[in-house]
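Report on one structure; see the data block that follows.
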Amino acid sequence: LPSLLEPGARSFLESSLPRHCQGDSYPYNPLWNKRLCPESRGILVDVLSNLFNGFQTALTFQNIYLCFIGCLWGTVVGVMPGIGPLAGITLLIPATFGMDATGAIIMLAGIYYGAMYGGSTTSILMNIPGESASVVTCIDGYQMARKGRGGGALFIPAWGAWGGGAGGSGGHTL
């Protein structure tokens with residue numbers, strides 16, 4: 001077995017290309033740190049096509065409606081102290097039995113995100129954390145609410161949850 005440090009040894013990325021595509025005659029792609037042959041360019045088109053199909057499925061009116069209903073239910077469940085996101089999903093799983101799989105998963109994700117936000121609502125307004133993730137929110141959020149800045153204190157976790165969820169999903173997609 002030749003070592004990868006020896007001169008003339010092929011790298012793992014070069015060896016992953018088909019044999020007829022290896023060599024220096026193909027354009028270099030710095031994003032993947034390897035050379036692309038014309039046959040391997042179809043992979044990128046397939047990835048982007050599948051990504052577009054996923055967005056097309058997720059952004060239908062029915063799935064957006066199910067996400068909204070899931071977030072609303074999750075917020076109602078999350079406001080109740082002691083019932084966290086997992087208990088909320090467990091309680092509301094029977095509501096998804098008659099749905100198609102995509103809509104059910106989207107609704108359960110909405111319930112989870114709504115319950116996480118609902119837990120921060122009780123910790124800000126009543127100084128009672130709804131779940132363990134919102135214990136730290138009691139420290140600053142309740143003091144802001146006592147000083148008359150409750151709207152701002154409720155906006156910060158909502159914006160943070162949206163930004164973190166969108167950024168994490170976008171990063172995971174890439």
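The values are calculated or read from the model by the stated rules, or taken from the named source; none is laboratory data. This is a predicted model, so every value here is computed, not measured. FYI the Cβ positions are ideal-geometry reconstructions off the backbone, even for glycines, and counts take in every protein chain you see. To get the accessible areas, we keep the full protein, side chains included, count just its heavy atoms, and leave off ligands, DNA and RNA. Shrake-Rupley method; radii C 1.70, N 1.55, O 1.52, S 1.80 Å.
Which whole-number percent is the relative contact order of region 68-139 (Cα, under 8 Å, 6+ apart)?
Relative contact order for region 68-139 comes out at 42 percent.
Quick one: what are the phi-derived ³J(HN,Hα) couplings along region 134-144, Karplus 6.51/-1.76/1.60 with θ = phi - 60°, whole Hz, x for glycine and proline?
Residue by residue, region 134-144 yields 9, 5, 5, 5, 4, 5, 8, x, 5, 5, 5 Hz.
Ignoring ligands, DNA and RNA, how do Val77, Val47 rank by accessible area with a 1.4 Å probe, largest first?
The ordering from most to least exposed comes out as Val47, Val77.
Tabulate in residue order the Karplus-calculated ³J(HN,Hα) for region 69-86, using 6.51 cos²θ - 1.76 cosθ + 1.60 with θ = phi - 60°, rounded to whole Hz; enter x for Gly and Pro.
My calculation for region 69-86 gives 5, x, 5, 5, 5, x, 5, 5, 5, x, 5, 6, x, x, 9, x, x, 5 Hz in order.
Could you derive backbone 3J(HN,Hα) for region 161-168 from the dihedral phi with the Karplus parameters 6.51, -1.76 and 1.60 (θ = phi - 60°), listing whole Hz in sequence and x where the residue is Gly or Pro?
Per residue, the Karplus-derived 3J(HN,Hα) values read 5, 5, x, x, x, 5, x, x Hz.
Can you tell me the FRET efficiency between Met80 and Phe55 if r is taken as the Cβ-Cβ distance and R0 is 25 Å, rounded to the nearest 0.05?
The computed FRET efficiency comes out at 0.15.
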